[in-house]
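Below: the structure, in structure tokens.
Each value in this text was obtained by applying a stated rule to the coordinates, not by laboratory testing. Given the structure is predicted, the values throughout are model-derived calculations rather than measurements. Cβ coordinates were reconstructed from backbone atoms using ideal geometry, including for glycine residues, and neighbour counts include every protein chain displayed.
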Amino acid sequence: MSYKIGIIGAMEIEVESLKSQMNVTYKLEKASMSFFEGTIGDTEVVVVKSGICKVNAALCVQILVDEFHVTHVINTGAAGSLDARIDIGDFVVSTDAVYHDVNATVFGYKKGEIPQTGRLEFPADKWMIDEIKIAAARAGIDGKLWEGRVCSGDQFISDSDVKDEIKKEFGGLCTEMEGAGIAHACFLNKVPFVILRAISDKADGSDIMDYPEFEKKAAADCAALTKCFIEGLK
């Protein structure tokens, strides 16, 4: 199969190392985003910084689909842990993604369910999940790789009570601000996706003073694993 992988990071630190290691053949400026098309190894890729929040992320996917006709999408970056077992420096690969800040329960919907769709979760692609796990084993990463749900909302979670409520409601492994928007847009376009996140914090405010340094390392580690995933595609 011929692949063309869209790689989305919310911030520059999440995509800068990937851009520096790719052979760029074309650049497009659209919707205040810079899309870099080219190759990593023998695989066609488009690398882009979407900006933070679900709307930016979803819009980014639509441009990748319409302008570049990507076959798959991977979201790389940092996230906060929702599970006490998952430490800073570990990784989460998504089984699915949900919105933790969607709430139409007053009309009888489940919390997180998109009204009139019958859908709460957006499943990630099994083949991509498996390839991420193979890449992690090959890369010899320091942190553990966990497989589970990603919870997204337009909030930076730094309160233990809010964190506990998200965990109780959705049972997710990590929380961030773009994944479900990417998953939703990929679902509507029938494009396979996976979210790969390195854990930068505990989502409870306990390590906020050290967050910038943790975030930088998490972004670099996640980008390195993404590159290993890309290079392993046949």
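List the residues, sorted by chain then number, that are 5 or more residues from Glu147 or on another chain and whose placed amide H is less than 5 Å from its amide H.
Val93
Hey, which of these cross-link pairs are over 19 Å Cα-Cα: Lys144/Lys202; Lys167/Lys190; Lys167/Lys227; Lys27/Lys49; Lys54/Lys202; Lys19/Lys217?
Correct reply: Lys167/Lys190; Lys167/Lys227; Lys54/Lys202.
Give a quick list of chymotrypsin sites (Phe, Trp or Tyr not before Pro) in the stretch 1-70 that DSSP marks as loop, anything other than H, G, I, E or B, with at most 16 other Cβ atoms within 10 Å.
Tyr3
Estimate the FRET efficiency between His69 and Glu12 by the formula 1/(1 + (r/R0)^6), using the beta-carbon distance for r and 35 Å for R0, to the nearest 0.05.
0.90
If you average the C-alpha positions of the stretch 100-124 and of the stretch 130-209 separately, how far apart do those two centres end up, in angstrom?
A separation of 18 Å, based on Cα centres.
Semi-axes of the chain's equivalent ellipsoid from the Cα gyration tensor, sqrt of 5 times each eigenvalue, largest first, rounded to whole Å?
26, 21, 16
Give the long-range amide H neighbours of Val73: residues separated by 5 or more places, or on another chain, with amide H under 5 Å away, using H modelled in the peptide plane at 1.01 Å from N.
Gly6, Phe193, Val194
Work out, step by step, the length gained on full extension between Glu213 and Asp101: first 0.36 nm times the residue separation, then minus their alpha carbon distance; give nm to one decimal.
Stretched out fully, the Glu213 to Asp101 stretch lengthens by 37.6 nm.
Which aspartates and glutamates have a Cα lying under 18 Å from the Cα of Lys126, excluding residues fewer than 8 positions away in the same chain?
Output for Lys126: Asp96, Glu147.
Using the 10 angstrom Cβ neighbour count as an exposure proxy, how do Arg149, Arg138 rank, fewest first?
Ascending number of Cβ neighbours within 10 Å: Arg138, Arg149.
Relative to the present Cα-Cα distance, how much length would full extension add between Phe156 and Ser2 at 0.36 nm per residue of separation?
In short, 51.7 nm is gained.
Using modelled backbone amide H atoms (1.01 Å from N, in-plane), which distant-in-sequence or interchain residues come within less than 5 Å of Ala104's amide H?
Here Gly112, Glu113 satisfy the definition.
Take every DSSP beta bridge whose two residues both sit in the chain, then give the antiparallel share in percent to the nearest 5.
DSSP beta bridges in the chain are roughly 45 percent antiparallel.
Convert each backbone phi in the stretch 107-121 into a coupling constant with the Karplus relation 6.51 cos²θ - 1.76 cosθ + 1.60 (shift: θ = phi - 60°), then list the ³J(HN,Hα) values in order as whole Hz, x for Gly and Pro.
Once rounded to whole Hz, the list reads 9, x, 7, 5, 4, x, 6, 6, x, 6, 10, x, 10, 10, 10.
Over 15 Å apart: what share of the alpha carbon pairs of the stretch 10-87 falls there, rounded to a whole percent?
For the stretch 10-87, the share of Cα pairs beyond 15 Å comes to 58 percent.
In a shell of Cβ-Cβ distance under 11 Å around Asp142, excluding Asp142 itself, what net charge do Lys and Arg (+1) and Asp and Glu (-1) give?
Net charge in that neighbourhood comes out at -1.
Using 7 Å Cα-to-Cβ label points, what is the Glu169/Asp42 separation (nm, one decimal)?
4.7 nm
Between Thr117 and Val24, what is 0.36 nm times their sequence separation minus the Cα-Cα distance? Round to one decimal in nm.
So the chain would gain 29.6 nm between Thr117 and Val24.
Residue by residue, what Karplus-based ³J(HN,Hα) values in Hz, rounded to whole numbers, does the stretch 5-10 have, using 6.51, -1.76 and 1.60 with θ = phi - 60° and x for Gly and Pro?
Ordered by residue, 3J(HN,Hα) equals 9, x, 10, 10, x, 6 Hz.
Sorting Phe122, Phe214 on the 10 Å Cβ count, fewest up front, what's the list?
Arranged by neighbour count, lowest to highest, Phe122, Phe214 become Phe214, Phe122.
Each residue of the stretch 33-44 in order: what ³J(HN,Hα) in whole Hz does its phi give by Karplus 6.51 cos²θ - 1.76 cosθ + 1.60, θ = phi - 60°, with x for Gly and Pro?
After applying 6.51 cos²θ - 1.76 cosθ + 1.60, I find 10, 10, 9, 10, 9, x, 9, 10, x, 9, 9, 6 Hz.
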